[in-house]
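The values are calculated or read from the model by the stated rules, or taken from the named source; none is laboratory data. Just so you know, these numbers come straight off a predicted model, no measurement behind them. Virtual Cβ from ideal backbone geometry, glycine too; neighbours counted across all protein chains shown. To get the accessible areas, we keep the full protein, side chains included, count just its heavy atoms, and leave off ligands, DNA and RNA. Shrake-Rupley method; radii C 1.70, N 1.55, O 1.52, S 1.80 Å.
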Amino acid sequence: MGKTLAEKVWEQHVVRSADDEPDLLYIDLHLVHEVTSPQAFDGLRTSGRKLRRPDLTMATEDHNVPTIDIDKPIADPVSAKQVETMRKNCEEFGVTLYSLGNTEQGIVHVVGPQMGLTQPGMTVVCGDSHTSTHGAFGALAFGIGTSEVEHVMATQTLWLKRPKTMAITVNGTLPEGVTSKDLILAVIAKIGTGGGQGYVLEYRGEAIEQLSMEARMTICNMSIEAGARAGMIAPDETTFEYLKDRPKAPQGAEWDEAVEAWRALVTDEDAVFDKEVIINADELTPFVTWGTNPGQGLPLGANVPSPEDFVDPSERLDVERSLEYMDLKPGMPLRDITVDTVFLGSCTNGRIEDLRSAADVLRGRTVADSVRMLVVPGSARVRLQAHEEGLDKVFEEAGAEWRHAGCSMCLAMNPDKLTPGERAASTSNRNFEGRQGPGGRTHLVSPQVAAATAVLGHLAAPADLEGELVSA
Amino acid sequence: MEKFTTHSGVAAPLRRSNVDTDQIIPASYLKRVTRHGYEDALFSAWRKEDDFVLNQEPYKNATVLVAGPEFGTGSSREHAVWALSDYGFRAVISSSFADIFRGNSAKDGLVAAVVDQQVIESIWDYLDANPGAEVEVDLENQKITAGAIVEPFEIDPYVRWRLLEGLDEIGITERVQDEIDTYERARPAFKPVV
């Protein structure tokens, strides 16, 4: 019987496999940031252990860093101490660190791919659940806790139970104005926040093959929101084209050797997935969330659901609680929901294509007076690229705030946060209670929907702007 | 890590599903660089609500949490496990746990016991009728006892073994160091370095 992509990558990394124990897997790349690493470095120090492969370990500052005044000391003393602790740790253990102000600084899941460090067939881990992003390259990539961070630092391996595999087959073509963000939100709504538990997801089919690498990263990024630790897409010409000549990609003869190996990383025709879900891309429309978990989403044209629509009593209770927290009335059109803030950024949608597509909507238009819009590029390089293309001007002329790179309002660890009761349309990945600031309310949306929402002040798609005045 | 064999303690019914890591511990508490001292952070938003279960007198000293499905969904923060442990919890019982949370709990000696949702419902009913009652989590025999309810629970056999023995995982791995060396020597040369 043939093998799936996930099984192939898994088997290539098994260091040890024995009965009655998990497999011991080798880790090709360990990404590190300031929040989940200090206790791991402490553990190494306490036990007198070394970091085994500093050359396979890369660190960046992202979760905690401010997005304004980055040339000044970090104002919050607790954040400052955490960042300072990482700088000391990286120096002591010989880890390459891209600090605030460095051209390579940014969200760890934006930086790895843009440097060419993320490559097909690798195992990639990080103390961050959105490590699943890197699966877009055909890598097996997943988030780990701090104890596992320490384990990888000490041994460059992890003990893991072999996951089941699930195919998410997306047939057809995404219609104009429908993005990979809409697609993944629809997938999560379909399979639920626990649907992917115990599985590695493989996204495949015509609609996936047509996507750019950045769009693929958005999809794999949110696999964790469906409960799956990892999501993967088989590498193809789009992948190789993206990687070629990136600073950390193989060069010369090694490039040819690598591409040959990467071409074998496809699911065999006779391979069997443990589960398969089929989605028709042609039927999709812009998708937004109305509740407090990423599975609580609907097409933008729908209405806020009623608890009575749900048969399962515990789900009904959940919906009641979500609607109460979100302060929404059943039956209200989603388009009538007004927002105070629009956040464009994060490891889900903070890449250059995301900024371009939002800028295309905003060009010649203005952000509604009632709305503040934050644009936070995913990395310092994305910011530079946006400057080259004049996107910063488009955002600023529209009245949005143009910031420096970091996780920012996605999880509100830095000063960028919602105030209690404030409502946001956000291109990030989690609409949990208080995620973007205590008492804040989040609707997850695509970059295009974010931009159109910023202009109109209520949840909207770019198509709703037709007929709106565009200044010359 | 402390060995876990059997634990009996006051059980708190948390009648919510999708209890995500941002509810267990909000990101603002993750700025600390220590591994302990997160008891104040546990469910910090919900603990401001008077009717939250841990604010009810019988449950203030709860050490067993009985929660709805998809417990620990969301982020990879092990702080979620540390906050539960620091508060005093030794075990969480649910019909399903997020994969990363479940992995993390095993590293810190917190038992994540899986039973059917029907069993959860019956334990909830038992606790509502007997507030402050103790529930026993017997890892050795893999069963939960709540009054007359005696049910087996699921846990990965390897995780169970490590918890029973209280073993340090890095120590285990270092015993197979030579196998890691062998694998490492055969890695393709085109694999990137930082």
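Suppose R0 equals 45 Å. What FRET efficiency, 1/(1 + (r/R0)^6) with r the Cβ-Cβ distance, do residue B:39 and residue A:72 give to the nearest 0.05?
For residue B:39 and residue A:72, the calculated efficiency is 0.85.
Can you figure out the FRET efficiency of residue A:49 with residue A:251, using R₀ = 41 Å and their beta-carbon distance, to the nearest 0.05? Intermediate values should be presented prior to the final figure.
Values: r = 34 Å, r/R0 = 0.83.
Efficiency at R0 = 41 Å is approximately 0.75.
Suppose the chain between residue B:51 and residue B:164 were pulled fully straight at 0.36 nm per residue; how much longer would it get relative to their current alpha carbon spacing?
37.1 nm
So what's the projected area for chain A, the Cα convex hull averaged over all directions, in nm²?
Directional mean of the projected Cα hull area for chain A stands at 23.1 nm².
Only bridges with both residues in the stretch A:29-130 count here: give the DSSP antiparallel percent, nearest 5.
Counting DSSP beta bridges with both partners in the stretch A:29-130, the antiparallel share is about 0 percent.
Along the three principal axes, how long is the stretch A:43-134 when you take its alpha carbons, biggest first, rounded to the nearest angstrom?
Here the Cα extents, ordered largest to smallest, are 41, 34, 22 Å.
Zone of residue B:5 (label point 7 Å along Cα→Cβ, backbone N under 17 Å): which residues in the stretch B:149-191?
B:160-167
Using R₀ = 35 Å, calculate the FRET efficiency as 1/(1 + (r/R₀)^6) where r is the Cβ-Cβ separation of residue A:99 and residue A:244; round to 0.05.
Values: r = 29 Å, r/R0 = 0.81.
The calculated FRET efficiency here is 0.75.
Taking the Cβ of residue A:51 as the centre, find all other residues whose Cβ is under 13 Å away and add up their charges (Lys, Arg: +1; Asp, Glu: -1).
Summing Lys/Arg as +1 and Asp/Glu as -1 gives 0.
With 27 Å as the cut-off, how large is the P(r) tail for chain B, expressed as percent of Cα-Cα pairs?
In whole percent, the share of Cα-Cα pairs in chain B beyond 27 Å is 33.
Relative to the Cα centre, what is the charge dipole magnitude of the stretch B:80-133, using +1 at the beta carbon of each Lys and Arg, -1 at the beta carbon of each Asp and Glu, and rounding to the nearest 20 debye?
On the way: 3 positive and 7 negative charges, 52 e Å.
Rounded to the nearest 20 debye, it is 240 debye.
Determine, at each q value in 0.14, 0.18, 0.21, 0.23 (inverse angstroms), the log₁₀ of I(q)/I(0) that the Debye formula gives when each Cα of the stretch A:14-81 is one equal point scatterer.
-0.65, -0.90, -1.04, -1.10
May I ask you to work out the translational diffusion coefficient for the stretch A:316-435 at 25 °C, viscosity 0.890 mPa s, via Stokes-Einstein with Rh from the Kirkwood sum over Cα pairs, reported in whole µm²/s?
The estimated diffusion coefficient comes to 161 µm²/s.
Ranked by accessible surface with a 1.4 Å probe, highest first, in what order do B:29, B:38 come?
Values: B:29 55, B:38 0 Å².
Accessible-area ranking of B:29, B:38, largest first: B:29, B:38.
Give me log10 I(q)/I(0) at q = 0.11, 0.14, 0.19 Å⁻¹ for the stretch A:163-297, Debye formula, one equal scatterer per alpha-carbon, no solvent.
Ignoring solvent entirely, the Cα scatterers give -0.42, -0.67, -1.10.
Going by Cα centres, the stretch B:112-131 and the stretch B:1-67 are how many Å apart?
Going from one Cα centre to the other spans 17 Å.
What is the ratio of the Cα radius of gyration of the stretch A:238-379 to 2.2 N^0.38 Å, where N is its residue count, to two decimals?
So the Cα radius of gyration is 1.51 times the expected 2.2 N^0.38 Å.
Binned at 10 Å from 0, what are the whole-percent values of the Cα-Cα distance distribution for the stretch B:96-146, short to long?
Calculated over all Cα pairs of the stretch B:96-146, the distribution is 21, 46, 31, 2 percent.
What is the ratio of the Cα radius of gyration of the stretch A:392-472 to 2.2 N^0.38 Å, with N the residue count, to two decimals?
So the Cα radius of gyration is 1.17 times the expected 2.2 N^0.38 Å.
Taking only C-alpha pairs under 8 Å that are 6+ residues apart, what is the relative contact order of chain B in percent?
After rounding, I find 26 percent.
Using Cα centres only, tell me the gap between the stretch B:158-178 and the stretch A:332-346 in whole Å.
So the two Cα centres are separated by 48 Å.
Given +1 on the Cβ of Lys and Arg, -1 on the Cβ of Asp and Glu, and no further charges, what dipole in debye does the protein assembly as shown carry about its Cα centre, rounded to the nearest 20? Working shown, then result.
Details: 63 positive and 103 negative charges, 262 e Å.
Using Cβ point charges on Lys, Arg, Asp and Glu, the protein assembly as shown gives about 1260 debye.
Please tell me which of these pairs span more than 23 angstrom C-alpha to C-alpha: A:50/A:72; A:8/A:275; A:190/A:275; A:161/A:275; A:164/B:143; A:161/B:107? Write out the running numbers ahead of the final one.
Numbers: A:50/A:72 33 Å; A:8/A:275 17 Å; A:190/A:275 14 Å; A:161/A:275 18 Å; A:164/B:143 26 Å; A:161/B:107 15 Å.
A:50/A:72; A:164/B:143, as the Cα separations exceed 23 Å there.
Residue by residue through B:62-71, how many Cβ atoms from other chains fall within 10 Å of the Cβ on average? Working shown, then result.
Working: counts 0, 0, 0, 0, 0, 0, 3, 7, 9, 1.
Mean inter-chain Cβ contacts per residue within 10 Å come to 2.
In the stretch A:117-196, if every C-alpha pair distance is counted and binned at 10 Å from zero, what percent goes to each bin?
Spelled out per bin, shortest first, that is 15, 39, 32, 12, 2.
Can you give the Rg/Rh ratio of the stretch A:317-371, where Rg is from the C-alpha atoms and Rh is the Kirkwood radius?
Answer for the stretch A:317-371: 1.09.
Taking the alpha-carbon centroid of each part, what is the distance from the stretch A:168-215 to the stretch A:404-445 in angstrom?
Computed from Cα coordinates, the inter-centre distance equals 24 Å.
If I model a spin label at residue A:401 and residue B:61 as a point 7 Å from the Cα along the Cα→Cβ vector, what separation in nanometres do I get?
Using points 7 Å along Cα→Cβ, the separation is 4.8 nm.
For the stretch B:8-107, just say rounded, prolate or oblate: build the C-alpha gyration tensor, square-root its eigenvalues into a ≥ b ≥ c, call rounded for a/c under 1.5, and beyond that prolate if a/b exceeds b/c, oblate if not. Numbers along the way, then the final one.
On the way: a/c = 1.41, a/b = 1.16, b/c = 1.21.
Since a/c stays below 1.5, the shape of the stretch B:8-107 is classed as rounded.
Shape verdict for the stretch A:100-145, please, from the Cα gyration tensor: rounded (a/c under 1.5), prolate (a/b greater than b/c) or oblate. Please list the in-between numbers first.
Numbers: a/c = 2.74, a/b = 1.38, b/c = 1.98.
Judged from the Cα gyration tensor, the stretch A:100-145 comes out oblate (a/c at least 1.5, b/c at or above a/b).
Could you derive backbone 3J(HN,Hα) for the stretch A:242-252 from the dihedral phi with the Karplus parameters 6.51, -1.76 and 1.60 (θ = phi - 60°), listing whole Hz in sequence and x where the residue is Gly or Pro?
Calculated HN-Hα couplings, in order: 5, 7, 4, 6, 5, x, 9, 6, x, 10, x Hz.
For the stretch A:29-180, what is the charge dipole size about the Cα centre, in debye to the nearest 20, if Lys and Arg each add +1 at the Cβ and Asp and Glu each add -1 at the Cβ? Walk me through the intermediate numbers first.
Working: 12 positive and 16 negative charges, 156 e Å.
The calculation lands at about 760 debye.
Where a ≥ b ≥ c are the square roots of the eigenvalues of the C-alpha gyration tensor, would you call the stretch A:386-427 rounded, which needs a/c under 1.5, or, failing that, prolate if a/b is larger than b/c, or oblate?
It is prolate, given that a/c is not under 1.5 and a/b is the larger ratio.
Please name which of A:54, A:80, A:67 has its Cα lying farthest along the dipole of the stretch A:48-89 towards the positive end, using unit charges on Cβ (Lys, Arg +1; Asp, Glu -1) and the Cα centre as origin.
A:54
Compute the distance in nm between two label points, each set 7 Å from the Cα along the Cα-to-Cβ direction, one at residue B:186 and one at residue A:210.
4.3
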